[in-house]
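*Asks:* Dropping the structure in here first, questions after.
The values are calculated or read from the model by the stated rules, or taken from the named source; none is laboratory data. Just so it is clear, the model here is predicted, and its values are computed rather than measured. Ideal geometry is used to build each Cβ from the backbone, glycine not excepted, and the neighbour counts take in all protein chains shown. Heads up: the accessible areas ignore ligands, DNA and RNA and are worked out on the full protein's heavy atoms, side chains in. Shrake-Rupley method; radii C 1.70, N 1.55, O 1.52, S 1.80 Å.
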Amino acid sequence: MRVKYLKSSLAGAALVALTAGIAGAVDTGTISGLVTDQDGQPVNGALVVVKGANRFSTANADGYYVITPVPVGSFDVKASRIGFDEQVKSGVKVIAGLRTNLSFELRSGITGVTYIPSEEPLIKFDRTDTESVIGADQIESQVVDEFADMLVRTPGIVYETSDASTLNLHIRGGRGNEVAYIVDGVNITNPIVGGAGMEIPVDAIEQMNVIVAGWDAEYGEAQSGIINIQTKEGRDKYTGKVGATQEVYTAKREWDSHKALEATGLEDPASPLVTWHTATRQTRFSKYRGSFGGPIWPGVEQLSYFASGDYTRDWSVYPLPEPALEWNANGKLSIRPTGRLRMVLSGGRMNEERQLFKNEYQYHLDGYYFRTERSNRLSANFTHNVTDRFYYSVTGATFKNFRSIITGGKYWSDYDLNRQKNDATGWFVTTGDYPIYETRDQLYFDGKADFQYEIARVGDNRALSMNVIKGGFGLKNQDVDFYQIQAYPANIYTDIFHVYPFEGHAYVQDKLEYSGMVINVGLRFDVFDPAASYPEDPFDYQWGESFNPVTGPEWERVDPDSKYRTYAEMPRKTGDRKTQVSPRVGVSYPISDRDKLHFSYGHFFQVPPLVYLYRSSQTELTGAYPIMGNPDLSPQRTVQYEIGVEHLFTDDLKAKVSAYFKDIRDLIDTERITYETGFNYTKIINADFGSVRGMELAIDKRMTKNFSGNLGYTFSVAKGLASSYYQGYNYAYRGWEMPNHENLLDWDQTHKLDLTMDYRTRFKIHNFGANTTLSYGSGMPYSKPASGTGQPSINSERMPWTLNWNVKGEYSLTYWGLTYTLYCEVINLLNRDNVFNFGEDEGDGAGSDWLPWYYFYGDPDGPYDDMECYGDPLRLRVGFDIGF
């Protein structure tokens, strides 16, 4: 992507308008404290100003002030009063949802300005949840392509696949679709299948809050965790950066195979020798990016902008004919006419085009599908401070996501369904099309209102006590259009629905902050209306229309004894409206000025992804073994308990230990329903349950003497009745006995260790920095194959452990107001063959492509050298940035 260097602030503002595609309410924090003189007496009327944010407050008779809401990020804060000196504390960090305690001691009878560097406390005594805060400086210093690259290095989070960007993340043992992704207050979670519905440029991220336990009642729509991202805001000074990254070397994996195979893929000495060649490719990854921000007019901080974008071409290690193309844009316009009024317009857009790879199709990739995805988000937030201690905000937002999976650019009825495997191995497809055609289009409109009121008192010894009450309500209307055809030679499966579900929420939260204890109590109410009806008996009609791939539409007799002639005449049941009340409690108890104990308890409620509610429930069932969704599914529920302790060893070294337990209920599964007429279908129901227990250790060292570091360790045992709703379908299809007790889940990673070390100099003109991240994970489970077609033992074995070591080194030079940076990145420094899967179905107990091959021969890529089993090989990149 060619980036134009924008010196004009008006040009940058225009870029904001062009990139705005959707945004949301801005997450903020609070700055408060006391202003006293050198004798400890309050300085009544002292003015405290957050520079660059146009936010200020005046100290009262007790010397107390509070500034809220304040955008997240790092600021200089100034305190002043006539007859006293001015004091500026620089680098004050504001974290979303938390209070930054900042007190000033002004000297009377002295003029001038005193600058004091601010240091963020390592222990946040007002925090009752478990949260990792990732700042822009951390993202910039590490090897990061997408924000998910930071998430997988966070304690409590594991992922199953070789590609973290798929965002199939599991937080503390939960399923991958139990996480809410929020950007500037807009929930960008894909409502149909779960996971993040869009990417954003990493240069646009100011702060990312990863909450894995104890989140407040204002957060909903999540059972396992919250990923809350706040993007950068323009300040009173102009900033900008352009840069590029280019991959220059990739280690190659190559197979020249000579094997005698029988039809099952097993070695057979009596068969003739078969020869074939498989190899990964030299990747050609390129990424171009740019970001600009500042005031619309020089010197006017009341109106500012920030815009960021990136463009990526990634050929990947697979031998694909075309690279994946992705571009992301993000913009934010901040309007602050007075210190009490603030409006923020925020938006983003993503566009991705990607040819997918499948080992079976590697010699006929034109027959495999192409994925296109486009997302937009847009929001407007208005905040009014009625007083220093009371404010309300109103937010309107919209989010749209479109995705298609199409083979050869053809409509599904034009697919060549006569797939042939004329290769000598009998495995690789040589002609025909992959039989899935799918489009998803979802749009939602969200409106919400929130308020916060603070009661503060200054007691003896200048001790502060506060009662912060906040609450709000919101409504969301969705428009979901889903169209999927699975076209096999003998069966056509249709899954078509267009629905308009509705949901709403209300919450109240009360946080009591005393010098000896913090108590955080909240209550949330959720309501969901599926706004759809469905047939209780989908085969209670006489005649139905089916589709023959050769002759086209045909009529067939379904139930001759039914009193309803066609599907359209059948009675339908309307899905019930679902409600849930979720209490949440958190306690933080300071044992000393270096130790803190915390406890949290909460109920968390989440409607299953919409595909499980509506699939094939709005049209006639087709195919031999159809699955029908259930608009009357109950929400999935989790109850979580946690207790933890933090200790400050030195002023720059902290450790935290947490133990937790989760009880999970009403997870979705399936049941097979068979008729005497021979028809059958599988219905999605609430039947699964699970439990997770674990312990996390986090050690953080602040940057001192040019060095900082983080160590995270997670021990976890995640069990459940099933790892996927699809397990019941597969078991019924094979005639196996359904499990009736908990087994290890597919993503049960007993041990996980993440180490980050960072070194950088702090000179005025030139600097050097080096960062290394080391991630270890014990092996994920898989099901021991049974002999013949017998039932496997669910997740009784373990895959190999994984180890990934990334390194980034950089050198920067500042000259004539510009900073020039050169860097080098190494991914998987040890070039380890990390095994992430054995095929498509591993771990659900229903069998897998290469499980027998690995179990009996110790070869994870199977008889046909499936390169998708492994993570990235060693990759070497170079790049540059130019910023001001």
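*Asks:* Considering only protein heavy atoms and a probe of 1.4 Å, how much of the accessible area of segment 380-459 is carbon and sulfur, as a whole percent?
*Replies:* Numbers: 1910 of 3480 Å².
Result for segment 380-459: 55 percent of the exposed heavy-atom area is carbon or sulfur.
*Asks:* Now for a different question. For Cα pairs less than 8 Å apart in space and 6+ apart in sequence, what is the mean separation divided by the residue count of the chain, i.e. the relative contact order in percent? Provide the component values of the computation, followed by the final result.
*Replies:* Details: 2630 pairs, mean separation 90.4, N = 884.
For the chain, the relative contact order is 10 percent.
*Asks:* Still on this structure, please answer the following. Return the Cα extents of segment 26-129 along principal axes one, two and three, sorted largest first, each rounded to a whole Å.
*Replies:* Principal axes ranked by extent give 43, 25, 22 Å for the Cα atoms.
*Asks:* With every protein chain in place, what's the accessible area of Ser708 (1.4 Å probe, Å², nearest 10)?
*Replies:* 20
*Asks:* What order, most packed first, do the peptides 761-769, 83-91 have when packing is the mean number of other Cβ atoms within 10 Å of each residue?
*Replies:* On the way: 761-769: 11.9, 83-91: 17.3.
So the order, starting with the most tightly packed, is 83-91, 761-769.
*Asks:* Also, quick follow-up: Calculate log10 I(q)/I(0) of segment 143-262 for q = 0.11, 0.22 Å⁻¹, where I(q) comes from the Debye formula with a single equal point scatterer on each Cα and nothing for solvent.
*Replies:* Debye output, listed in q order: -0.49, -1.30.
*Asks:* Next question, about the same structure. Send over the per residue convex hull volume for segment 317-434, Cα only, as a whole number of Å³. Each step should come with its number before you reach the end.
*Replies:* On the way: hull volume 17.4 nm³, N = 118.
Hull volume normalised by residue count: 147 Å³.
*Asks:* Moving on to the next point. Kindly state, to the nearest 0.05, the FRET efficiency for Ala568 paired with Val193, given R0 = 25 Å and r defined as their beta-carbon distance.
*Replies:* For R0 = 25 Å, the calculated efficiency reads 0.30.
*Asks:* Quick check for me: using +1 on Lys/Arg Cβ and -1 on Asp/Glu Cβ, what's the dipole size of the chain about its Cα centre, in debye to the nearest 20? Intermediate results must be reported in sequence, preceding the final value.
*Replies:* Numbers: 86 positive and 113 negative charges, 685 e Å.
With only Lys, Arg, Asp and Glu charged at Cβ, the dipole is about 3280 debye.
*Asks:* Related question: Determine the distance separating the Cα centre of segment 439-467 from the Cα centre of segment 92-115; give it in Å without decimals.
*Replies:* 23
*Asks:* Could you give the length gained by full extension between His277 and Phe402, i.e. 0.36 nm per residue of separation minus their alpha carbon distance, to one decimal place?
*Replies:* 41.3 nm
*Asks:* What do the square roots of 5 times the Cα gyration tensor eigenvalues come to for segment 501-658, in whole Å, largest first, as semi-axes of the equivalent ellipsoid? Please list the in-between numbers first.
*Replies:* Values: eigenvalues 611, 64, 20 Å².
One finds semi-axes of 55, 18, 10 Å for segment 501-658.
*Asks:* Something else now. Expressed in nm to one decimal, what extension gain is obtained for the pair His751 and Asp460 from 0.36 nm per residue of sequence separation less their Cα-Cα distance? All intermediate terms of the calculation are to be shown ahead of the outcome.
*Replies:* Values: separation 291, 0.36 × 291 = 104.76 nm, distance 4.78 nm.
That pair, His751 and Asp460, stretches by 100.0 nm at full extension.
*Asks:* Using the Cβ atoms and a cut-off under 14 Å, what net charge is assigned to the surroundings of Arg107, where Lys and Arg are +1 and Asp and Glu are -1? Provide the component values of the computation, followed by the final result.
*Replies:* Details: positive: Arg81; negative: Asp37, Asp39, Asp85, Glu86, Glu105.
Charge balance in the 14 Å sphere: -4.
*Asks:* I would also like to ask the following. I need the calculated FRET efficiency for the pair Met695 and Phe884, taking r as the beta carbon distance and R₀ as 41 Å, to the nearest 0.05.
*Replies:* Details: r = 46 Å, r/R0 = 1.12.
That gives a FRET efficiency of 0.35.
*Asks:* Okay, moving on. Sort Leu122, Leu98 from largest to smallest accessible area, using a 1.4 Å probe on the heavy atoms of the protein chains. Can you show the working numbers first?
*Replies:* Numbers: Leu122 40, Leu98 15 Å².
The ordering from most to least exposed comes out as Leu122, Leu98.
*Asks:* Sticking with this one: Please report the equivalent ellipsoid semi-axes of segment 657-723, computed as sqrt(5 x eigenvalue) of the Cα gyration tensor, largest first, in whole Å. Mind dumping the intermediate values first?
*Replies:* On the way: eigenvalues 447, 33, 11 Å².
Gyration-tensor ellipsoid for segment 657-723: 47, 13, 7 Å.
*Asks:* Now a separate question. Between Glu322 and Leu475, with labels modelled 7 Å along Cα→Cβ, what's the label distance in nm to one decimal, could you check?
*Replies:* About 4.3 nm, to one decimal.
*Asks:* For the chain, go through all pairs of different Cα atoms, get the mean of 1/r, take its inverse, and jot down that Kirkwood value in Å. Provide the component values of the computation, followed by the final result.
*Replies:* On the way: mean 1/r = 0.0340 Å⁻¹.
By the Kirkwood definition, the hydrodynamic radius is 29.4 Å.
*Asks:* Which sequence of Val70, Val49, Val113 reflects their accessible areas, 1.4 Å probe, from the largest down? Provide the component values of the computation, followed by the final result.
*Replies:* Values: Val70 0, Val49 35, Val113 70 Å².
From most accessible down to least: Val113, Val49, Val70.
*Asks:* Grab every C-alpha pair in segment 600-681, bin the distances at 10 angstrom width from 0 up to the longest one, and report whole percents.
*Replies:* Percent of pairs per bin, in order: 14, 28, 20, 16, 11, 7, 3, 0.
*Asks:* Pairs Lys93/Lys124; Lys705/Lys764; Lys124/Lys511; Lys51/Lys701; Lys719/Lys784: which are spaced more than 20 Å apart, C-alpha to C-alpha? Before the final figure, lay out each step's value.
*Replies:* Details: Lys93/Lys124 12 Å; Lys705/Lys764 16 Å; Lys124/Lys511 14 Å; Lys51/Lys701 28 Å; Lys719/Lys784 17 Å.
Over 20 Å Cα-Cα: Lys51/Lys701.
*Asks:* State in Å² the accessible area per residue of the chain; use a 1.4 Å probe, count heavy atoms of protein chains only, and round to the nearest integer.
*Replies:* Values: 35400 Å² over 884 residues.
For the chain, the solvent-accessible area averages 40 Å² per residue.
*Asks:* Separate question: What distance in nm lies between label points placed 7 Å from Cα along the C-beta direction at Phe649 and Gln38?
*Replies:* Computed distance between label sites Phe649 and Gln38 equals 3.9 nm.
*Asks:* Share of segment 652-692's accessible area from carbon and sulfur, percent, 1.4 Å? Walk me through the numbers on the way to the answer.
*Replies:* Working: 860 of 1640 Å².
That fraction is 53 percent.
*Asks:* What does the helix-only formula give at 222 nm for the chain: each DSSP H stretch with n ≥ 4 adding -39500 (n - 2.57), the total divided by the residues, and the result rounded to the nearest 500 deg cm²/dmol? Working shown, then result.
*Replies:* Details: 6 runs with 42 residues, N = 884.
It lands at -1000 deg cm²/dmol.
*Asks:* Over all alpha-carbon pairs in segment 465-517, figure out the percentage whose distance exceeds 16 Å. Kindly include the intermediate steps, with their values, before the conclusion.
*Replies:* On the way: 964 of 1378 pairs.
Percentage above 16 Å: 70.
*Asks:* Which aspartates and glutamates does Lys448 reach when only Cα atoms under 13 Å apart count, and residues fewer than 8 places away in its own chain are ignored?
*Replies:* Filter leaves Glu218, Glu503.
*Asks:* If you don't mind, there's one more thing I want to ask. Check cross-link reach from Lys400 to the lysines: straight Cα distance under 17 Å, and skip same-chain residues fewer than eight apart.
*Replies:* Lys476
*Asks:* Let me ask something else. To make sure I understand the rule: partners must be lysines, Cα under 17 Å from the Cα of Lys241, and not fewer than 8 residues away in the same chain. Which ones qualify?
*Replies:* Of all the lysines, those that pass the test against Lys241 - Cα under 17 Å, at least 8 places apart if same chain - are Lys4, Lys7, Lys232, Lys287, Lys332.
*Asks:* A follow-up question, please. Where the only charges are on Cβ atoms (+1 Lys, Arg; -1 Asp, Glu), what is the dipole of segment 79-175 about its Cα centre, to the nearest 20 debye? Could the numbers behind the result be given before it?
*Replies:* On the way: 10 positive and 15 negative charges, 98 e Å.
The dipole magnitude comes to about 460 debye.
*Asks:* In the full protein assembly as shown, how much of Glu353 is accessible to a 1.4 Å probe, in Å² to the nearest 10?
*Replies:* About 70 Å², ignoring ligands and nucleic acids.
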